[in-house]
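Undergrad: This structure is in structure tokens; I'll ask about it shortly.
The values are calculated or read from the model by the stated rules, or taken from the named source; none is laboratory data. None of these values were measured; they are calculated from a predicted model. Cβ: placed from backbone, ideal geometry, glycine included. Neighbour counts: every protein chain shown. The accessibility values were calculated without ligands, DNA or RNA, using every heavy atom of the protein model including side chains. Shrake-Rupley method; radii C 1.70, N 1.55, O 1.52, S 1.80 Å.
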Amino acid sequence: MASVSRQLLARYMSSSAAPAKKLAIKHVTVIGGGLMGSGIAQVAAATGHTVVLVDQSEDILKKSRKGIEDSLKRVTKKMFAERPEVASQFIEKTISNLSTSTDAAAVVHSTDLVVEAIVENLDVKHELFTTLDKFAPEHAIFASNTSSLPITDIANSTTRQDRFGGLHFFNPVPMMKLVEVIKAPMTSQTTYESLLDFSKALGKTPVSCKDTPGFIVNRLLVPYLMESVRLYERGHASKEDIDVAMKLGAGYPMGPFELLDYVGLDTSKYIIDGWHQMEPENPLFAPSELLNKLVAEKKLGKKTGEGFYKYK
């Protein structure tokens, strides 16, 4: 009897000490059919994952699917320039891996990973993840593509903080090679490693970051953009000369004002306002009167035809 007890104890000790296995992510649910969500769905489907893209209406999803098909045609035209038949097969295979739905709760029951790419509003994200937490399987990992909100704050709406992390992609997703993988304080090492492996499986280069405002890229990029605006506001240089200086002097493909117009002035304002609220004494996060004025006038950049520059 004592021998049996020792055997059972040894078996328990060996099993409890064994590290949790990384999750091989095969089934992916992407929430949000905008540019980012569609891009994430495209690269996941193109790399052999089964993907469900979710948004609120069939009209949005119809546009998303059309955008993905157009993007695939552009990508494959370069990839298979001399082999159009291979390009057609690649597009057909990718599309066959992709389906759409307007009911997130109904499609997450067998998913391995949920990637959220919806509006940058904490309450809306909380509502989404609270619901999905009830319907997704226990093993499923949740991830947010947020660029400005703390992962920890989003994860707190669920009961799976250990299976929650950040996957921050960059626009346009099919072209940009970087993914920031965010490990929040409660994110398990297994979840973190599974997200790293998934990023690599997409053909991306992952970098790691803790749950700090803006992660790596935006934490450095947004203050640079804001300081460019302040330099212009003070009258120390024209926006045209600042753009030329950073392109020719620093080798940047776009100047800061060109980039602000490309990203959207409302997006930049939203990010800096959120950071200023979190750290009001940090001069890097100080708001700009000029940026606020342009946004109030609906001059948001390329998407509205005018921002710091005018576009025909």
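Undergrad: Tell me which residues, restricted to region 246-265, are part of a helix (DSSP H, G or I) and within 18 Å of the chain's Cα centre (by Cα).
TA: Within region 246-265, 262, 263 qualify.
Undergrad: Something else: Does any residue of region 146-154 turn out to be under 21 Å from residue 48 (Cβ atoms) and not basic (Lys, Arg)?
TA: No.
Undergrad: Is there any pair with a first residue in region 190-206 that is under 22 Å from residue 160 (Cβ atoms) and a second that is modelled with pLDDT of 95 or more and part of a helix (DSSP H, G or I) whose Cβ atoms are under 7 Å apart and which are 6 or more apart or on different chains, and what are they?
TA: That search, which allows pairs on different chains as well, returns 191/162; 191/163; 206/196; 206/199; 206/200.
Undergrad: Restricted to region 278-298, and to residues that are of a type outside the set (Gly, Ala, Ser) and farther than 19 Å from residue 222 by Cβ, which residue is most open to solvent (accessible area, probe 1.4 Å)?
TA: The qualifying residue most open to solvent (accessible area, probe 1.4 Å) is 298.
Undergrad: Within region 43-53, which residues are open to solvent by 10 Å² or more (accessible area, probe 1.4 Å) and within 17 Å of residue 143 (Cβ to Cβ)?
TA: Listed by number, the residues that qualify are 43, 47, 49, 50, 52.
Undergrad: Also, I was wondering about something else. Here is a check on your reading of the model: is residue 105 modelled with pLDDT of 95 or more, part of a helix (DSSP H, G or I) and of a type in the set (Gly, Ala, Ser)? I'd like the intermediate steps shown before the answer.
TA: On the way: modelled with pLDDT of 95 or more: yes; part of a helix (DSSP H, G or I): yes; of a type in the set (Gly, Ala, Ser): yes.
Yes, satisfied.
Undergrad: Okay, moving on. In this structure, is residue 130 touching a Ser or Thr at 6+ places or on another chain (Cβ under 9 Å) and within 14 Å of residue 32 (Cα to Cα)?
TA: no
Yes/no matrix, rows are residues, columns are (1) within 20 Å of residue 306 (Cβ to Cβ); (2) out of contact with any helix residue (DSSP H, G or I) (no Cβ under 9 Å at 6 or more places or on another chain); (3) open to solvent by 60 Å² or more (accessible area, probe 1.4 Å):
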| position | (1), (2), (3) |
| --- | --- |
| 205 | no, no, yes |
| 220 | no, yes, yes |
| 238 | yes, no, no |
| 245 | no, yes, no |
| 249 | no, yes, yes |
| 255 | yes, no, no |
| 258 | yes, no, no |
| 269 | yes, no, no |
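Undergrad: Hey, any hits in region 300-307 for a residue that's of a type in the set (Val, Ile, Thr) and open to solvent by 50 Å² or more (accessible area, probe 1.4 Å)?
TA: yes
Undergrad: Right, here's the next one. Look through region 152-192, keep the residues that are of a type in the set (Phe, Trp, Tyr) and surrounded by fewer than 24 Cβ atoms within 10 Å (Cβ to Cβ), and return whichever of them is nearest to residue 138 (Cα to Cα). Talk me through it step by step, then tell me what you get.
TA: In the first step, residues of region 152-192 are kept if they are of a type in the set (Phe, Trp, Tyr); the result is 164, 169-170, 192.
Cutting the leftovers down to surrounded by fewer than 24 Cβ atoms within 10 Å (Cβ to Cβ) gives us 169-170, 192.
Details: 169: 25, 170: 29, 192: 16 Å.
The selected residue is 192.
Undergrad: A further question follows. Tell me whether region 133-150 contains one or more residues that are in contact with a Lys or Arg (Cβ under 6 Å, 6 or more places away or on another chain) and either open to solvent by less than 20 Å² (accessible area, probe 1.4 Å) or not hydrophobic (A, V, I, L, M, F, W, C) (or both).
TA: yes
Undergrad: Suppose we filter region 101-117 for residues that are open to solvent by 50 Å² or more (accessible area, probe 1.4 Å) and over 12 Å from residue 28 (Cβ atoms); how many remain?
TA: 4
Undergrad: Also, quick follow-up: Mind checking which residues of region 55-74 are touching a helix residue (DSSP H, G or I) at 6+ places or on another chain (Cβ under 8 Å) and open to solvent by less than 10 Å² (accessible area, probe 1.4 Å)?
TA: 64, 68, 72
Undergrad: Within region 233-241, can one find any residue that is assigned to a strand (DSSP E or B) and at pLDDT 95 or above?
TA: The answer is no; no qualifying residue exists.
Undergrad: Follow-up question, since we're still on this one. Quick one: which residue in 77, 62, 26 is of a type outside the set (Ser, Thr, Tyr) and farther than 28 Å from residue 132 by Cα?
TA: 77
Undergrad: What is the number of the single condition among (1) more than 17 Å from residue 36 (Cβ to Cβ); (2) at pLDDT below 95 that residue 69 does not meet?
TA: Result: residue 69 fails condition (2) only.
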